[in-house]
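Below you'll find the structure, written out as structure tokens, and then a few comments.
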Amino acid sequence: MTTDLGTDYTSDEMMTVAAARRLRDGQSCFVGIGLPSTAANLARRTNAPDLVLIYESGTIGAKPDLPPLSIGDGVLAETADAVVSVPEIFNYWLQPGRIDVGFLGAAQIDRFGNINTTVIGPYDDPKVRLPGAGGAPEIAASCREVTVIVRQSRRAFVERVDFVTSVGFGSGPGDRERLGLRGSGPRTVITDLGILEPDPVGCELVLTHLHPGVTLDQARAATGWELAAAPDLRETEPPTPDELAALRRLTGR
Amino acid sequence: MATVVPLAEAVAELVHDGESVAMEGFTHLIPYAAGHEIIRQGRRDLTLIRMTPDLLYDQMIGMGCARKLVFSWGGNPGVGSLHRFRDAVQNRWPAPLEIEEHSHAGIANAYVAGASGLPFAVLRGYRGTDLPAHTATIKPITCPFTGEELTAVPAINPDVAVVHAQRADRRGNVQLWGITGVQKEAVLAARRSLVTVEELVDELEPRPGAIVLPGWAITHVSEAPGGSHPSYSAGYSTRDNDFYLAWDEIGRDRETFVAWMKEHVL
């Protein structure tokens, strides 16, 4: 198959593979449903076989054969090391900072990595009512670090989110500390165009990688703020045949 | 001691117009049969409480049962939006819907406080988000020992909690296993409770990981085999993911939705 990038993989596949590579073997990962779940399950089949998948349904160490549709499919409980109640997963496991990586999606994300999954437009008269917070605000606050996976477009990458559902770096440096958020916040944002990371000083998301075939202008055109590129902007390694085969086994393609 | 009664009788006795009803089950064991009975009995002005409204509350909202929704994640898991919920919030159809919006951690802790007989719960949550500005039941609180600023949410004590479980014995002791969500907390926080079960048995065999709700902590138990469909009851059924995918089309359009409810629920 050839795509509009002239490659034998799609931009979504590149995104999922790039996200999976960021997860390290042996880490514990609090997994959101959708794109994060697919990428985390791919990581378990490629670079991180001992990744501990934790879903908010209380399933710790789930090992599903295929990515589940929901965060509570039966296969998660059947294959988990432990199944705990919902208060326990949030209070005993997430809140004290035991979990390495929070892996989240977003409807909107802004230059400081704040995430909106609540409403587009005003809260009391929304243009689009989105599902809401779920576990994300506390995942974003308490995991040691956060990885976000989201398709890049001007609609999603905005100067300031319409609603802060989950805090990244708030309004900039020092905000996480001031708010008492103990995790380090979003370290990586993976899109279908490239990878963004927060500037170590200013906390603003900066482009560090472009996926093969994507230009800096394309990434900027898909970003609602003046996107800065890292001085050592690199090209992402394309998916290997093994990564693609593993991903396609997962997604049934 | 719980009494075992037919579902229609239990709903008629326990669920009243204008009251607060918590129907829990986190993806697993969602009490659909009981929700459908509430719809058939035409309850109105309910405050519906549920972490993940799921298709069940989408149906109850679309059929006009709800005045208010207390929730933390209102989507169709892995599929997308709940269109009846969206239509109610965006367009006030079929009626305006007041919302009280939380995070999962917030509601889970509010149930724990309710079950514990405490007025509120404390958590590290919501800090820096826009939720406290829109939800009156999220407030900052200072730790009296360290001075640290944390967040408080008031206890949830529903008038009635409704959950589904795998089985119960004839004395109303309930056994459930798999993903147990917040069902135990919801039942113990509520003034009255109804548990629907897949099966009534003479003797509850012990099962690893199962929790038991003693009959004396429950008001009524009703037998409702298959009563969690399209969610599932581990050991009895699997999640009907095809139905969750199909609901996206059924729920999207008002007329299609009402026709489906008339054919399958009413």
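General remarks:
- Given chain B, longest segment not containing exposed loop trypsin sites (Lys or Arg not before Pro) (DSSP; at most 14 other Cβ within 10 Å): B:93-169
- Karplus-derived HN-Hα couplings along region A:121-133 (A = 6.51, B = -1.76, C = 1.60, θ = phi - 60°), whole Hz, x at Gly and Pro: x, x, 4, 7, 9, x, 6, 10, 8, 8, x, x, 7
- Once Rg and the Kirkwood radius are both taken over the C-alpha atoms of region B:140-266, their ratio Rg/Rh works out to 1.10.
- Counting only DSSP H runs of at least 4 residues, each contributing -39500 (n - 2.57), and dividing by the residue count of the protein assembly as shown, the helix-based mean residue ellipticity at 222 nm comes to -7500 deg cm²/dmol.
- Region A:125-253: radius of gyration over Cα atoms, expressed as a fraction of 2.2 N^0.38 Å: 1.16
- Using heavy atoms of the protein chains and a probe of 1.4 Å, the accessible area assigned to A:LEU244 is about 10 Å².
- Global geometry of region A:11-251, whether rounded, prolate or oblate, following the gyration tensor of its Cα atoms and the 1.5 cut on a/c: oblate
- Antiparallel bridges, percent of DSSP beta bridges restricted to region B:140-252 (to nearest 5): 40 percent
- Zero-based 10 Å bins, Cα pair distances in the protein assembly as shown, whole percents: 4, 19, 29, 26, 15, 5, 1, 0
- For region A:85-98, Karplus couplings with θ = phi - 60° (6.51, -1.76, 1.60), whole Hz, Gly/Pro x: 6, 5, x, 5, 4, 7, 7, 8, 9, 7, 4, x, x, 7
- Calculated over region B:44-117, the projected area of the Cα convex hull averaged across directions stands at 5.0 nm².
- Amide H within-cut-off set for B:ARG67, under 5 Å, with H built and near neighbours excluded: B:ASP45, B:LEU46, B:THR47, B:LEU48
- Surface/4 estimate of mean projected area, convex hull on alpha-carbon atoms of region B:1-132, nm²: 9.3 nm²
- Region B:92-159: GluC sites (Glu not before Pro) in DSSP coil with no more than 12 other Cβ atoms inside 10 Å: B:GLU148
- Antiparallel bridges, percent of DSSP beta bridges restricted to the protein assembly as shown (to nearest 5): 40 percent
- Relative to its Kirkwood radius, the Cα radius of gyration of region A:1-67 gives an Rg/Rh of 1.04.
- Phi-derived couplings, Karplus 6.51 cos²θ - 1.76 cosθ + 1.60 at θ = phi - 60°, listed residue by residue for region B:81-91: 8, 9, 6, 5, 4, 4, 5, 5, 6, 7, 10 Hz, with x used for Gly and Pro.
- Nonlocal amide H pairs with A:GLY135, under 5 Å, H built at 1.01 Å: B:HIS104
- For B:14-27, mean number of other protein chain Cβ atoms within 10 Å: 2
- Amide H within-cut-off set for A:GLY194, under 5 Å, with H built and near neighbours excluded: A:HIS211
- The Rg/Rh ratio for chain B is 0.97, where Rg is the radius of gyration of the alpha carbons and Rh is the Kirkwood radius.
- The alpha-carbon positions of region A:101-148 define a convex hull whose volume is 77 Å³ per residue.
- Per the Debye calculation on region A:142-209 with a single equal scatterer at every Cα and no solvent contribution, log₁₀ I(q)/I(0) for q = 0.18 Å⁻¹ amounts to -0.70.
- Beta bridges from DSSP with both residues in chain B: antiparallel share about 35 percent, rounded to the nearest 5.
- Loop-exposed GluC sites (Glu not before Pro) per DSSP, neighbour cap 16 Cβ within 10 angstrom, longest uninterrupted part of chain A: A:1-158
- For A:VAL128, the solvent-accessible surface with a 1.4 Å probe is about 40 Å², rounded to the nearest 10.
The values are calculated or read from the model by the stated rules, or taken from the named source; none is laboratory data. Only a predicted model underlies this, so the values are computations on that prediction, with no experimental measurement involved. Reconstructed Cβ throughout: ideal geometry from the backbone, glycine too, with neighbour counts over all protein chains shown. When the accessible area is computed, the model is the full protein with side chains, heavy atoms only, and any ligands, DNA or RNA have been set aside. Shrake-Rupley method; radii C 1.70, N 1.55, O 1.52, S 1.80 Å.
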